[in-house]
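Here's the structure we're looking at; comments come further down.
What follows draws every value from the coordinates through simple rules; no lab data is involved. Model, not experiment: these values are computed from the prediction. Because the Cβ atoms are built from the backbone with ideal geometry, glycine has one as well, and the counts that use them run over all protein chains shown.
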């Protein structure tokens, strides 16, 4: 039985118990016996629900462990990637010093050539003196400061405090 059906079955069992309790054709002793049997079914299904829910928590924890292991592997691979990239850039820079600008070298597996490009330099200490149309501004919200402001001032139509319920799995 899947977890979606468990609550449905529990509700059916409760209805069955109510039907037995309200049945005028049964004696009190018969009602008690039949309700005891239905209670056993209820307890069994409730146990299934608990077991399945706890198994889902185990699956959740397993997924978190895999996520952590993968993150560690990514970190390790990223470090290796960056090391190789840095080494390649170092070799490229070294070659730019030892090969004369404009000189072309080539064989069947490697080729050295040159191309022209343009780049712009600016004084970062005085960037506000640059033309206004070349500057951009990034606006972000400091949520911690906003939360404090809303607590003090009660918020407005653009911001408010919301209370959430978050499940905790351990």
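Some notes on this structure:
- Per-selection metrics, region 125-170 (Cα): Rg and Dmax in Å: 18.8, 56
- Between the beta carbons of residue 31 and residue 3, assuming R0 = 35 Å, the FRET efficiency works out to 0.65 to the nearest 0.05.
- Neighbour-count order for 41, 143, 116, fewest beta carbons within 10 angstrom listed first: 116, 143, 41
- Compared with the dominant principal axis of the Cα atoms in the chain, helix 28-98 is inclined by about 0°.
- Pair residue 92, residue 111: separation of 7 Å Cα→Cβ label points (nm): 1.7
- Structure-derived Rg/Rh (Cα atoms, Kirkwood Rh) - corresponding label in (i) 1.44; (ii) 1.34; (iii) 0.94: (ii)
- Distance between the pseudo-spin-label points of residue 135 and residue 165 (7 Å out from Cα toward the beta carbon): 5.0 nm.
- For the pair residue 157 and residue 118 in one chain, pulling the backbone fully straight at 0.36 nm per residue adds 9.1 nm over the alpha carbon distance.
- Peptides 105-113, 60-68 ranked from most to least packed give 60-68, 105-113, packing being the mean of other C-beta atoms within 10 angstrom over each peptide's residues.
- Calculated diffusion of region 44-108, Stokes-Einstein form, Kirkwood radius summed over Cα pairs, 10 °C and 1.306 mPa s, µm²/s: 94
- The mean sequence separation of alpha-carbon pairs under 8 Å and at least six residues apart, normalised by the residue count of the chain, gives a relative contact order of 15 percent.
- Debye-formula intensities of region 3-100, expressed as log10 I(q)/I(0) at q = 0.21 Å⁻¹, are -1.01 (one equal scatterer per alpha-carbon, no solvent).
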